[in-house]
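In what follows, a structure is listed as structure tokens, so that the remarks can point back to it.
The values are calculated or read from the model by the stated rules, or taken from the named source; none is laboratory data. Predicted model, so just to flag it, every value in this text is computed and none were measured. Here the Cβ is made from the backbone with ideal geometry for all residues, glycine too, and neighbour counts use every protein chain on show. Surface areas here come from the heavy atoms of the whole protein model, side chains and all, with no ligands, DNA or RNA. Shrake-Rupley method; radii C 1.70, N 1.55, O 1.52, S 1.80 Å.
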Amino acid sequence: MKALYEKVTIDQEHSLLVKHIRLTAFGALWHYHPEYELTYILESNGKRFVGDHVTNFEVGDLVLIGPNLPHFWRNDDDRYDELPAEAIVVQFPATLDENLLSVLPESGQIRQLLQRSRYGLCFSANTVGRLAPRLIQLPHLEGMAQVLELLGILNELAADRDAILLASDSYQLTASEAETERMKRVLEFVLKHFRKEIRIEQIASVAGMAPAAFCRYFRKRTGKSFVEYLNELRISHARKLLTQADLSVSQVGFECGFNNISHFHRQFKQQTGTTPMRYQAIYRDKQSPLLPSMAGLLS
């Protein structure tokens, strides 16, 4: 099976491809392409993989992906809603930077933004809130108006000081097809089985490597051990369950693959700075801002 290289077709009369995607669910596999990609989530939630970074995504998620950076968005198997998956996706070639922006002195900030996006960038809620109407309108524009609007959006994104780099500095962007295919197999297996015990021997077999060689390979590719990566994925899923599912903290721990609840608590606090129970309580307090005042009226 070949590595998933996505062929992005932009016809000669256009400089970019803008799509309003509506699906029953996001299910694209681990893939890459030489074009930049700006993805804005209008509806749905699940897991977002960018390079060696994995986290939850939800409505309002806005990410800029650089050329040849492997990525995919995927809904969780245990979705608690029946909402469709909907997104605005903008793809444009590196030549937009090399042939156009490179000759415009005023484009310095945008060019720096594109350079940073080679590791993936996730933008802040404040910036996304301001740009949301423009992003939604973008597919309805045509010709130069669409190109100018994209440049205006990129210029706004370049000013977002709270944008977060996704893939780690140690992540290798120039992977061969064989390595990309191997990592794709690993990620797909982990995503399907992270709720159960995954032994090093088992995942090494999926990669077609000896356990010791796999451990070195995975750390070189991601900058972290496989166990660290697996725990990050499990805690990411735990955060979602604590806020969206009617489960106890212990049930969440078991659902996310932690057979030892004490270990779940330690990992959760290490990665989030708080306990699972406190995390859940804070979320519920935010969801019920009127409860204290109502209690006062009834007393």
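A few comments on the model shown:
- Every Cα-Cα pair in region 1-109 was counted, and those over 15 Å apart are 67% of them.
- Each Cα pair under 8 Å and six or more residues apart adds its separation to the average, and for the chain the resulting relative contact order is 17 percent.
- Long-range amide H partners of E35 with built H, under 5 Å: N68
- Carbon/sulfur fraction of accessible area - region 1-75, other protein chains in place, 1.4 Å, %: 50 percent
- Mean accessible surface per residue for the chain, computed with a 1.4 Å probe while every protein chain stays in place, in Å²: 52 Å²
- Rounded to the nearest 20, the Cβ-based charge dipole of the chain about its Cα centre (Lys and Arg +1, Asp and Glu -1) stands at 1220 debye.
- Along its three principal directions, the equivalent ellipsoid of the chain from the Cα gyration tensor extends over semi-axes of 34, 28, 17 Å, largest first.
- Region 224-282 - percent of accessible surface contributed by carbon and sulfur, probe 1.4 Å: 47 percent
- Built amide H within the under 5 Å cut-off of V59, gap 5+: S44
- GluC sites (Glu not before Pro) within region 33-75: DSSP coil, no more than 16 neighbouring Cβ in 10 Å: E58
- Debye log10 I(q)/I(0) for region 214-273, one point scatterer per Cα, at q = 0.25 Å⁻¹: -0.97
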